Amino acid sequence: MAYDGIKRAGHCTLCGIETHEVLQTWKRPGIEGFPRKIGAPHENARLVAIRLSDGSFIEITICAECLPQLPARMARLRSIVWDSQMFHFDKRNSFGARPLRKEQRDKIRADVAKTARAAFLGIIGVRKPKQDSGVIV
Ligand SMILES: [Zn+2]
């Protein structure tokens, strides 16, 4: 399946290939096939910390093959991260999250939109995930 640019838990944020064992997937319409439970990381999994222009940083999972291309693909990575955040926010009820009141939804949406304006400046660090970690990014 071609990568649609919406991040799946346990998969490379940049190319979409699997970086962790997938133990269970969702069957619900709209999120069918999305990982529900993930297990141990594969050998190709890397956690990359990235500094943002608003002073914060994020940590993402990518595969070892994508790592060398990452500095040149920061703009693509940024759009995947924010598209994925909005997708997961819009589908949060399907993913089993507690429903929000309208004020809460509006606040979270505004926060995401504010952070989404930040540029991705560069890589702070790279590490391999621990074997036993149930990473959900
Ligand atoms: Zn990749």
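To the nearest µm²/s, what D does Stokes-Einstein give for segment 33-87 at 20 °C and 1.002 mPa s, using the Kirkwood radius over alpha carbon pairs as Rh?
167 µm²/s
State which entries of LYS37/LYS130; LYS7/LYS114; LYS7/LYS128; LYS37/LYS107; LYS7/LYS27; LYS91/LYS128 exceed 22 angstrom in Cα-Cα distance in the structure shown.
Working: LYS37/LYS130 17 Å; LYS7/LYS114 20 Å; LYS7/LYS128 19 Å; LYS37/LYS107 28 Å; LYS7/LYS27 17 Å; LYS91/LYS128 29 Å.
In this structure, LYS37/LYS107; LYS91/LYS128 lie more than 22 Å apart at Cα.
Segment 83-105 to segment 22-39: how many Å between their Cα centroids?
Taking the Cα centre of segment 22-39 as reference, the centre of segment 83-105 is 16 Å away.
Just need log10 I(q)/I(0) for segment 6-48 at q = 0.15, 0.16, 0.21 Å⁻¹, Debye formula, equal scatterers on the alpha-carbon atoms, no solvent, rounded to two decimals.
The Debye formula, applied to the Cα set alone, gives -0.34, -0.39, -0.64.
222 nm [θ] for the chain, helices only, -39500 (n - 2.57) per DSSP H run of 4+, per residue, to 500?
Mean residue ellipticity at 222 nm (helix-derived): -7500 deg cm²/dmol.
Using 1/(1 + (r/R0)^6) with R0 = 30 angstrom and r between the beta carbons of GLU59 and ASP106, what's the FRET efficiency to the nearest 0.05?
Details: r = 27 Å, r/R0 = 0.90.
According to the calculation, E is roughly 0.65.
Considering segment 20-127, what Rg and Dmax in Å follow from its alpha-carbon atoms?
Cα radius of gyration and Dmax of segment 20-127 are 15.6, 43 Å respectively.
When the dipole is taken about the Cα centre of the chain, and only Lys, Arg (+1) and Asp, Glu (-1) are charged at their Cβ, what size is it in debye, to the nearest 20?
About 480 debye.
Can you tell which of PRO68, ILE108, GLY10 lies farthest toward the positive end of the dipole of the chain, using +1 and -1 charges on the Cβ of basic and acidic side chains (Lys, Arg; Asp, Glu)?
So the residue we want is ILE108.
Give the residue list of trypsin sites (Lys or Arg not before Pro) in segment 68-115 that are DSSP loop and have at most 12 other beta-carbon atoms within 10 angstrom.
ARG101
Just so you know, all these numbers are worked out from the coordinates, no wet-lab data involved. Since this is a predicted model, take the numbers as computed values, not measurements. We place every Cβ from the backbone using ideal geometry, glycine too, and count neighbours over all the protein chains shown.
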